[in-house]
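Novice: Could you have a look at this structure, given as structure tokens, before my questions?
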Amino acid sequence: MNNTWVNEDNISSFMGNDVFYFNQARIEIQDTIGLRLRKEILEWLNCEITYEQQDATIIFNYCNSKFKNDDTYHIYQTKGKTIIEGNGSKAMLYGFYALIRLRMSHQSEQDYTSTPDQSIRMIDHWDQIDGSIERGYAGASIFFGALNKLDNPDRGDFGVDRVDGDPFRHNQEKLITYARMLASVGINAISLNNVNVRGQGTNLIIDPYLSEVAELADTFRQFGIKLFLSINWESPKHIGGLATSDPLDENVKKFWKDICQGIYKEIPDFGGFLVKADSEGEPGPYQYGRTHAEGANMLARAIGPYQGTIIWRTFVYNSKQDWRDRRTDRAKAAFENFKPLDGQFDKNVILQIKFGPIDFQTSEPLSPLFGALKQTNQMMEFEISAEYLGHQIDVNYVVPQWQHMINVNTKQPDLKDGTSSQVLRETSLNVENTGFAAVGNVGMSPFWTGNPLALANLYGFGRLCWDNRATANDILKEWLDQTFVESNATTKRSIFNIMSTSNETYRMYNAPLGVGFMVVPHFHYGVSVNGYEYDRWGTYHFADRNGVGVDRTQATGSGFTKFYSPKVASQYENVETTPDDLVLFFHHLPYTTVLKNGETLIQTIYDQHFEGYERSSNYLKEWQKLSTDLDKNIYEKVLQCLHKQLQNALEWRDQVNTYFYRMSGIKDKRGRKIYQ
């Protein structure tokens with residue numbers, strides 16, 4: 001099923017009669033992107049390329065160094081023809097897809113120039129070599145697995161089965177379509193495998209697997225996408241037979257230099273390594289008494305001669321926390337581990353920092369590392385896969401949350417522009433080594449994602465990477481126009497109304513007001529109010545008979561607020577100036593506290609959970625009106641998901657409301673049913 005925004009059948013009615021002309025008559029064999037662009041025209045769109053400019057309706061005008069950025073394209077019209085110009089083939093490819101988007105979403109192509117706001121625009125895959133995907137909710141891996149392995153059940157752990165023979169799927173049609181999807185929204189990098197590198201996945205950096213990784217790199221290279229690999233820190237021991245993986249050991253340094261030399265022989269434009277170290281049981285430099293800067297820089301110097309990059313995740317915290325100890329605060333961990341190292345990382349090291357200080361929850365503040373780091377390359381990390389946001393079952397268009405996070409003002413007094421997305425560029429050593437990355441959400445599902453509507457999040461992430469000023473609603477309208485081409489305006493408006501409010505709806509019936517988690521342990525779908533309350537993961541809500549929330553103030557709590565700039569710290573330190581949707585992230589409050597919405601804390605919890613359920617019920621009713629104007633398979637799949645979402649919202653509503661009624665003894669002033 002092709003329910004993507006790059007469905008050639010949908011596009012043909014907008015581009016089918018066009019004739020293309022290139023002002024660069026000859027193309028070099030090494031210009032793989034230029035060759036792909038011609039294939040896209042001839043084989044994908046089934047359009048014509050002419051050698052006579054007067055016969056063309058669309059002209060590609062190569063203009064070498066006219067633009068400062070090689071990704072920049074300019075679309076305009078003159079004398080009845082549409083011109084796409086840029087420095088080279090990559091800009092032409094982006095402009096080609098942009099023209100399709102403009103036409104399908106009924107936007108003007110009269111004069112449109114576009115340059116990406118972020119240099120690196122990346123999807124991180126958590127795919128494993130046996131075809132499974134950690135936190136994957138859309139079927140098996142599109143890269144790995146037997147042809148008949150299509151599903152991806154969560155067995156309660158993420159162990160990797162041993163693979164005998166070739167572990168790669170070799171579904172070239174799927175890969176080409178996926179690469180096209182990514183390039184069409186400007187994605188220019190992917191990491192192939194899970195950051196928790198297990199089993200035979202460790203060996204992706206050597207033959208015989210490396211040669212097949214190179215085949216994947218060949219496919220994505222055509223679309224301007226560089227390939228990265230996640231590595232196991234203990235590879236020198238597992239592969240090299242060494243007794244240590246100490247980053248200061250000369251044999252370890254040589255091991256990685258040899259590994260990099262072998263990779264670049266196979267993949268000359270290899271992007272680099274993505275590293276999760278000293279995190280959630282993964283090995284790292286700490287076990288040898290070394291810093292993360294020493295670990296990252298060792299790899300950076302091994303890969304530096306090939307212009308490679310090390311992307312080092314800051315998701316490092318104590319995952320064996322004692323719930324009795326309130327002094328230890330997981331939210332502080334990334335800052336405490338990495339702020340002291342600012343200025344110590346090499347120029348080809350990038351710290352990949354989750355947008356919030358915890359873990360992709362429904363509501364989090366911006367990580368205080370953004371703006372606090374002044375001399376370190378940084379990327380902001382997101383998660384499209386929806387681990388805590390509905391598992392691609394519940395409708396949850398997350399782009400509004402991301403739009404907010406990239407536009408938070410850090411209020412750092414020494415920065416020209418304190419906006420979070422711009423802070424990346426201003427405080428990094430090299431603006432080319434900054435950007436956004438997100439955990440991907442696709443798999444072998446016939447719809448690419450578990451819920452067909454979840455594909456909008458992949459589209460939206462790419463568009464936000466390119467244009468940090470784009471709005472979530474405008475992006476959603478674009479996606480709807482390109483996906484539901486044959487549906488009428490009323491249908492698209494109904495889907496828009498469901499999706500544009502869905503992120504707020506999910507937040508309403510989930511863990512309240514920024515406190516986070518309350519999910520079923522391990523699986524992270526469904527409600528379990530105390531599921532993690534006495535566990536080792538540091539994700540506590542501290543509810544008692546008097547109140548709920550985590551005190552992270554300097555005055556009486558963990559002191560986390562001090563990590564922000566003085567103005568932001570002052571805002572979060574005070575209950576009265578903390579936004580309601582974050583109030584329980586920063587404060588432990590009595591149930592009778594009156595919030596800025598004019599209601600008490602306990603009444604707000606009740607109201608939001610009743611409203612979240614009611615909205616979910618209305619989504620189902622609205623969707624059922626659309627059956628005659630949608631593809632049957634898409635309609636039925638989304639309908640199935642909405643039924644599950646309604647049940648999920650019901651359990652969240654009743655369990656959360658009952659729990660807090662039992663804790664507080666305070667009734668709902670509106671007299672609605674709360675189970676006792």
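The values are calculated or read from the model by the stated rules, or taken from the named source; none is laboratory data. Every value quoted in this text rests on a predicted model; they were computed, and no experiment measured them. Positions of Cβ are backbone-derived with ideal geometry, glycine not excepted, and every protein chain shown enters the neighbour counts. The accessibility values were calculated without ligands, DNA or RNA, using every heavy atom of the protein model including side chains. Shrake-Rupley method; radii C 1.70, N 1.55, O 1.52, S 1.80 Å.
Novice: I need the full set of residues from the range 213-240 which are charged (D, E, K, R), farther than 25 Å from V6 by Cβ and either assigned to a helix (DSSP H, G or I) or open to solvent by less than 10 Å² (accessible area, probe 1.4 Å) (or both), in order please. Give the steps one after another, and end with the answer.
Specialist: At the first step, the residues of the range 213-240 found to be charged (D, E, K, R) are 215, 218, 221, 226, 234, 237.
Going one step further and asking which of them are farther than 25 Å from V6 by Cβ, we end up with 234, 237.
K237 - this is the single residue of the range 213-240 that is charged (D, E, K, R), farther than 25 Å from V6 by Cβ and either assigned to a helix (DSSP H, G or I) or open to solvent by less than 10 Å² (accessible area, probe 1.4 Å) (or both).
Novice: Something else now. Taking T82, is it under 30 Å from Q378 (Cα atoms) and either without any contact (Cβ under 8 Å) to a residue 24 or more places away in the chain or not in a loop (DSSP other than H, G, I, E, B) (or both)?
Specialist: Working: under 30 Å from Q378 (Cα atoms): no; either without any contact (Cβ under 8 Å) to a residue 24 or more places away in the chain or not in a loop (DSSP other than H, G, I, E, B) (or both): yes.
So T82 fails the test.
Novice: Looking at the range 451-462, can you tell me whether even one residue there is closer than 25 Å to S141 by Cβ, assigned to a loop (DSSP other than H, G, I, E, B), open to solvent by less than 10 Å² (accessible area, probe 1.4 Å) and touching a helix residue (DSSP H, G or I) at 6+ places or on another chain (Cβ under 8 Å)? I'd like the intermediate steps shown before the answer.
Specialist: Taking the range 451-462 and keeping what is closer than 25 Å to S141 by Cβ, we get 451-462.
Pick out the ones that are also assigned to a loop (DSSP other than H, G, I, E, B) and you get 451.
Narrowing the set further to residues that are open to solvent by less than 10 Å² (accessible area, probe 1.4 Å) leaves 451.
Going one step further and asking which of them are touching a helix residue (DSSP H, G or I) at 6+ places or on another chain (Cβ under 8 Å), we end up with 451.
Yes: the range 451-462 contains one or more residues that are closer than 25 Å to S141 by Cβ, assigned to a loop (DSSP other than H, G, I, E, B), open to solvent by less than 10 Å² (accessible area, probe 1.4 Å) and touching a helix residue (DSSP H, G or I) at 6+ places or on another chain (Cβ under 8 Å).
Novice: Step by step: first the residues of the range 584-599, then only those that are touching a residue at least 12 places away in the same chain (Cβ under 8 Å) and within 22 Å of T658 (Cβ to Cβ), then the one that is most open to solvent (accessible area, probe 1.4 Å). Which residue is that?
Specialist: T592
Novice: Same structure again: G538 is checked against (1) touching an Asp or Glu at 6+ places or on another chain (Cβ under 8 Å); (2) at pLDDT 95 or above; (3) buried (at least 21 other Cβ atoms within 10 Å of the Cβ) and fails just one. What number does that condition carry?
Specialist: Result: G538 fails condition (2) only.
Novice: Can I ask one more? F382 fails exactly one of the following numbered conditions: (1) aromatic (F, W, Y); (2) under 26 Å from Y532 (Cα atoms); (3) out of contact with any Lys or Arg (no Cβ under 7 Å at 6 or more places or on another chain); (4) open to solvent by 10 Å² or more (accessible area, probe 1.4 Å). What is the number of that condition?
Specialist: (4)
Novice: If I ask for residues that are over 25 Å from S191 (Cα atoms), buried (at least 24 other Cβ atoms within 10 Å of the Cβ) and either in contact with a Ser or Thr (Cβ under 7 Å, 6 or more places away or on another chain) or among the aliphatic types (A, V, I, L, M) (or both), which ones from the range 359-379 would you list?
Specialist: Scanning the range 359-379 gives a single hit, G371.
Novice: Kindly evaluate N503 against the criterion of being polar (S, T, N, Q) and open to solvent by less than 20 Å² (accessible area, probe 1.4 Å). If you could, list the steps in order and put the result at the bottom.
Specialist: Working: polar (S, T, N, Q): yes; open to solvent by less than 20 Å² (accessible area, probe 1.4 Å): yes.
Taking the combined requirement at face value, the residue satisfies it.
Novice: For the range 167-195, give me the residue count where each residue is out of contact with any Phe, Trp or Tyr (no Cβ under 7 Å at 6 or more places or on another chain) and open to solvent by 10 Å² or more (accessible area, probe 1.4 Å).
Specialist: Total satisfying the criteria: 8.
Novice: Can you tell me which residue within the range 340-356, out of those that are closer than 12 Å to G295 by Cα and part of a loop (DSSP other than H, G, I, E, B), is most open to solvent (accessible area, probe 1.4 Å)?
Specialist: So, considering only residues that are closer than 12 Å to G295 by Cα and part of a loop (DSSP other than H, G, I, E, B), the one most open to solvent (accessible area, probe 1.4 Å) is Q344.
Novice: Does the range 152-198 hold any residues that are small (G, A, S) and closer than 23 Å to L210 by Cα, and which are they? Reasoning before the result, please.
Specialist: First, pick out the residues of the range 152-198 that are small (G, A, S): 156, 159, 165, 179, 183-184, 186, 189, 191.
Hits for the range 152-198 are G159, G165, A179, A189, S191.
Novice: Output the residues belonging to the range 426-444 that are more than 19 Å from the chain's Cα centre (by Cα) and either open to solvent by 10 Å² or more (accessible area, probe 1.4 Å) or within 19 Å of F360 (Cα to Cα) (or both).
Specialist: Taking the range 426-444 first, the residues more than 19 Å from the chain's Cα centre (by Cα) are 426-432.
E426, S428, L429, N430, V431, E432 - these are the residues of the range 426-444 that are more than 19 Å from the chain's Cα centre (by Cα) and either open to solvent by 10 Å² or more (accessible area, probe 1.4 Å) or within 19 Å of F360 (Cα to Cα) (or both).
Novice: Now for a different question. Cβ-Cβ distance below 9 Å, separation of 6 or more or different chains: which pairs start in the range 11-40 with a residue that is part of a loop (DSSP other than H, G, I, E, B) and end on one that is β-branched (V, I, T)?
Specialist: So the pair list comes out as N17/T57; D18/I41; D18/T57; D18/I58; D18/T82; N23/I59.
Novice: Could you please let me know if Q321 is assigned to a loop (DSSP other than H, G, I, E, B) and farther than 30 Å from V431 by Cβ?
Specialist: Working: assigned to a loop (DSSP other than H, G, I, E, B): yes; farther than 30 Å from V431 by Cβ: yes.
For Q321, the condition - assigned to a loop (DSSP other than H, G, I, E, B) and farther than 30 Å from V431 by Cβ - is met.
Novice: Among the residues of the range 241-254, what is the count of those that are closer than 25 Å to I267 by Cα and either assigned to a helix (DSSP H, G or I) or open to solvent by 40 Å² or more (accessible area, probe 1.4 Å) (or both)?
Specialist: The number of residues fulfilling the criteria is 5.
Novice: Quick check on the range 631-649. Is at least one of its residues more than 30 Å from the chain's Cα centre (by Cα) and open to solvent by 60 Å² or more (accessible area, probe 1.4 Å)? If you could, list the steps in order and put the result at the bottom.
Specialist: Pass one, the range 631-649, residues more than 30 Å from the chain's Cα centre (by Cα): none.
No, the conditions are met nowhere in the range 631-649.
Novice: If you don't mind, there's one more thing I want to ask. So if I check each of G262, G295, which one is in contact (Cβ under 8 Å) with a residue 60 or more places away in the chain and either part of a helix (DSSP H, G or I) or aliphatic (A, V, I, L, M) (or both)?
Specialist: Numbers: G262 fails: in contact (Cβ under 8 Å) with a residue 60 or more places away in the chain.
Matching residue, one of G262, G295: G295.
Novice: Look at the range 396-417 and say how many of its residues are under 19 Å from T471 (Cα atoms) and either part of a loop (DSSP other than H, G, I, E, B) or of a type in the set (D, E, K, R) (or both).
Specialist: Looking only at the range 396-417, we keep the residues that are under 19 Å from T471 (Cα atoms), and these are 396-409.
The next check asks that each one be either part of a loop (DSSP other than H, G, I, E, B) or of a type in the set (D, E, K, R) (or both); those that pass are 396-398, 406-408.
Final tally of qualifying residues: 6.
Novice: Also: Could you go through the range 18-31 and let me know if any residue there is under 25 Å from L455 (Cβ atoms) and open to solvent by less than 10 Å² (accessible area, probe 1.4 Å).
Specialist: Here is the first cut: in the range 18-31, the ones under 25 Å from L455 (Cβ atoms) are none.
No, every residue in the range 18-31 fails to be under 25 Å from L455 (Cβ atoms) and open to solvent by less than 10 Å² (accessible area, probe 1.4 Å).
Novice: Kindly indicate the residue of the range 44-69 that is within 31 Å of the chain's Cα centre (by Cα) and open to solvent by 40 Å² or more (accessible area, probe 1.4 Å) and also nearest to D9 (Cα to Cα) among those meeting that condition. I'd like the intermediate steps shown before the answer.
Specialist: Kept after step one, since they are within 31 Å of the chain's Cα centre (by Cα), are these residues of the range 44-69: 44-45, 67-69.
Filter once more, so that each one left must be open to solvent by 40 Å² or more (accessible area, probe 1.4 Å): 68-69.
Details: K68: 36, N69: 33 Å.
Result: N69.
Novice: Kindly establish whether F270 is over 27 Å from T376 (Cα atoms), in a loop (DSSP other than H, G, I, E, B), touching a residue at least 40 places away in the same chain (Cβ under 8 Å) and not β-branched (V, I, T). Let's see the steps before the verdict.
Specialist: Working: over 27 Å from T376 (Cα atoms): no; in a loop (DSSP other than H, G, I, E, B): yes; touching a residue at least 40 places away in the same chain (Cβ under 8 Å): yes; not β-branched (V, I, T): yes.
Considered against the rule, which asks whether it is over 27 Å from T376 (Cα atoms), in a loop (DSSP other than H, G, I, E, B), touching a residue at least 40 places away in the same chain (Cβ under 8 Å) and not β-branched (V, I, T), F270 comes out as no.
Novice: Residues in the range 260-275 that are open to solvent by 10 Å² or more (accessible area, probe 1.4 Å) and touching a strand residue (DSSP E or B) at 6+ places or on another chain (Cβ under 9 Å): how many? Steps first, answer last, please.
Specialist: To start, the set of residues in the range 260-275 that are open to solvent by 10 Å² or more (accessible area, probe 1.4 Å) comprises 261-262, 264-266, 268-269.
From what is left, the residues that are touching a strand residue (DSSP E or B) at 6+ places or on another chain (Cβ under 9 Å) are 269.
Summing the residues that are open to solvent by 10 Å² or more (accessible area, probe 1.4 Å) and touching a strand residue (DSSP E or B) at 6+ places or on another chain (Cβ under 9 Å) in the range 260-275 gives 1.
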